[in-house]
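Some notes on the structure that comes next.
The values are calculated or read from the model by the stated rules, or taken from the named source; none is laboratory data. Fair warning: this is a prediction, and the values are worked out from it, not measured in the lab. Every residue, glycine as well, gets a Cβ built from its backbone with ideal geometry; the counts of neighbours run over all protein chains shown.
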Amino acid sequence: MNSFGLANTRGLFSRIQLNAFTSIPIAPLVYIRIIFSALLLREGWLYYQAGWLHEYYVKPIVYFAYYGMDWVRPLPPDWMMLFFLALGGVLFCVMIGFLYRVMMPLFFLGFTYIFLIDQSNYLNQHYLIVLLSFLMIFIPAHRAFSIDALLRPKIRANTAPAWTLYILCFQVALVYFFGGIAKLNSDWLHGEPMGMWLAQSTDFPVIGRFFTEKWMVYAFAYGGICVDLFGLPLLLIKRTRWLGLALLMTFHLLNNSLFGVRIFPILMIALLPLFFPVRWWEKVPLRKSASPQMPTTHPRWRLVLALLAIYCAFQLTFPLRHFIIPGNVSWTEEGEKFSWHMKLRDKRAIITYIIVQPSTGDSWEELPEDYLTDRQMDFLPKNPDGILQFAHYLSTLWDDVEVYADVRVSLNGRDYSPLVDPNINLAAEPRRWGRSEWLLPLTTPLNQRRRGLVG
């Protein structure tokens with residue numbers, strides 16, 4: 001590299017260092033600490049009131065592990081409920097900023113443990129909570145308006161390094177970006193499954209009577225793409241800031257009203273202020289610190305930037321892994337999770353397991369609903385990895401048996417088609433990362449609609 005190129009490289013790193021460690025108001029970090037914790041405490045209380053904690057984490061006799069996470073298992077019932085109570089206490093401490101540096105990692109570990117217990121409970125909002133709670137371990141959100149700052153005046157600060165806010169914004173922005181990219185698929189561009197969903201909500205106030213009209217279906221489908229891809233850029237531009245904010249809030253509120261996706265729309269709305277201009281946060285009336293401000297750089301700034309770069313590179317590439325796995329991701333589900341594929345498909349399924357005992361020649365059918373909860377039954381027939389895991393479970397109930405599955409799936413209103421090769425003994429098939437040979441390809445085009453058969 002010549003001297004000119006070397007000088008440019010050094011100049012680039014200097015600008016990155018300057019921008020990353022520039023002091024910004026600490027108010028947005030305090031805000032995210034409080035609003036994040038408060039929303040999750042409310043969600044936890046709703047889960048408890050509805051009986052979902054028991055339904056999801058105590059009642060099941062079978063749990064569907066994530067790949068490589070078979071060792072993660074729930075605690076005994078009484079301990080499990082005590083764990084939820086303790087985690088709520090930890091989250092309350094995070095909210096008030098008490099022992100934040102201890103409580104934030106504990107919450108991240110505790111919530112991640114719950115998240116990994118059963119993949120039938122997977123929701124994109126839960127994955128986002130895992131990532132945000134991990135990032136919040138490293139931000140100094142406790143240095144103002146907190147019990148820690150009250151008890152330890154020396155840690156008080158009115159500012160924080162800019163990267164602590166930028167990394168949170170980056171993570172939230174990826175949710176929109178990949179959500180928009182994922183919608184650029186043939187089914188969505190042809191108005192499905194949006195048309196099916198809207199047709200079930202014609203009682204929606206004012207506009208519901210138009211939900212069976214093609215123009216309205218396409219307005220929702222293409223509008224979703226536009227909001228995902230352009231909502232945040234509009235919010236960041238001064239002249240279009242209020243338009244972007246209005247579009248994003250309307251988008252999330254409509255999702256909440258139409259699809260009832262609980263905390264996700266409210267959480268995403270609550271995160272939008274992170275993208276407001278920094279000067280707006282300077283007006284937040286926090287107690288002024290008499291102690292020195294946080295340093296504008298870090299003694300190990302190269303290490304900090306390297307770790308940030310690794311994290312960002314992973315988050316930018318991991319959601320794209322389904323592009324290197326053969327098959328329609330909405331059909332195979334391979335690479336679908338952790339990729340911000342939100343409300344993209346409608347799958348109806350019928351499943352029966354056939355148990356064969358070669359030593360006796362006996363065979364019989366087993367219905368998974370005799371073993372699984374309602375939520376797990378909604379997950380199982382649509383998810384090939386779940387189908388395989390349950391086949392492995394059934395094979396442990398009898399000696400020397402083979403397990404076959406008859407699975408027919410309707411994707412986005414298509415005719416029902418076989419998902420699994422019914423001639424392959426699933427009990428002998430290992431779990432794999434990537435394409436499974438026992439999966440059958442999707443060959444039914446969207447214009448072949450299902451007729452009469454309901455799953």
Do we have residue 434 as in contact with a strand residue (DSSP E or B) (Cβ under 7 Å, 6 or more places away or on another chain), at pLDDT below 95 and of a type in the set (Gly, Ala, Ser) here? no
Among the residues of segment 231-244, which ones are among the aliphatic types (A, V, I, L, M), touching a Leu at 6+ places or on another chain (Cβ under 6 Å) and surrounded by fewer than 19 Cβ atoms within 10 Å (Cβ to Cβ)? 243
Can you find, within segment 374-417, the residue that is nearest to the chain's Cα centre (by Cα) among those that are surrounded by 22 or more Cβ atoms within 10 Å (Cβ to Cβ) and among the basic types (Lys, Arg)? 382
Being in a helix (DSSP H, G or I), of a type in the set (A, V, I, L, M) and over 29 Å from residue 346 (Cβ atoms) is the filter here, so list the residues in segment 214-245 that pass it. 234, 235, 236, 243, 245
Given (1) of a type outside the set (Ser, Thr, Tyr); (2) farther than 30 Å from residue 52 by Cα; (3) in contact with a Leu (Cβ under 9 Å, 6 or more places away or on another chain), index of the condition residue 153 fails: (3)
Is it fair to say residue 118 is modelled with pLDDT of 95 or more, within 22 Å of residue 373 (Cα to Cα) and not hydrophobic (A, V, I, L, M, F, W, C)? yes
Looking for something closer than 26 Å to residue 303 by Cα, out of contact with any strand residue (DSSP E or B) (no Cβ under 8 Å at 6 or more places or on another chain) and either in a loop (DSSP other than H, G, I, E, B) or not assigned by TED's automatic domain parsing to the domain that holds residue 225 (or both) - is there at least one such residue anywhere in segment 164-171? no
Among 371, 353, which is the only one that is of a type outside the set (A, V, I, L, M), touching a helix residue (DSSP H, G or I) at 6+ places or on another chain (Cβ under 9 Å) and surrounded by fewer than 19 Cβ atoms within 10 Å (Cβ to Cβ)? 371
What about residue 131, is it touching a residue at least 40 places away in the same chain (Cβ under 8 Å) and surrounded by fewer than 21 Cβ atoms within 10 Å (Cβ to Cβ)? yes
Out of the helices (runs of 4 or more DSSP H) lying entirely within segment 312-427, which hold 2 or more residues that are closer than 20 Å to residue 192 by Cβ? 329-332
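State all residues of segment 5-25 that are modelled with pLDDT of 90 or more and in contact with a Phe, Trp or Tyr (Cβ under 8 Å, 6 or more places away or on another chain); if no residue qualifies, say none.
24, 25
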Within segment 182-195, does at least one residue satisfy the condition of being in a helix (DSSP H, G or I) and either over 25 Å from the mean Cα position of the chain (by Cα) or of a type in the set (Val, Ile, Thr) (or both)? no
Among the residues in segment 300-321, are any of a type outside the set (A, V, I, L, M), out of contact with any strand residue (DSSP E or B) (no Cβ under 6 Å at 6 or more places or on another chain), buried (at least 19 other Cβ atoms within 10 Å of the Cβ) and modelled with pLDDT of 90 or more? yes
Here are some residues: 87, 75. Which one is assigned to a helix (DSSP H, G or I) and over 30 Å from residue 24 (Cβ atoms)? 87
Quick check on segment 174-185. Is at least one of its residues in contact with a Gly (Cβ under 7 Å, 6 or more places away or on another chain) and not β-branched (Val, Ile, Thr)? yes
State which residue is farthest from residue 145 (Cα to Cα) when the search covers only segment 26-65 and only residues that are of a type in the set (Val, Ile, Thr) and out of contact with any Phe, Trp or Tyr (no Cβ under 6 Å at 6 or more places or on another chain). 61
Would you confirm whether any residue within segment 51-66 is under 19 Å from the mean Cα position of the chain (by Cα) and surrounded by fewer than 17 Cβ atoms within 10 Å (Cβ to Cβ)? yes
Output yes when any residue across segment 26-36 is in a helix (DSSP H, G or I) and modelled with pLDDT under 95, and no when none is. no
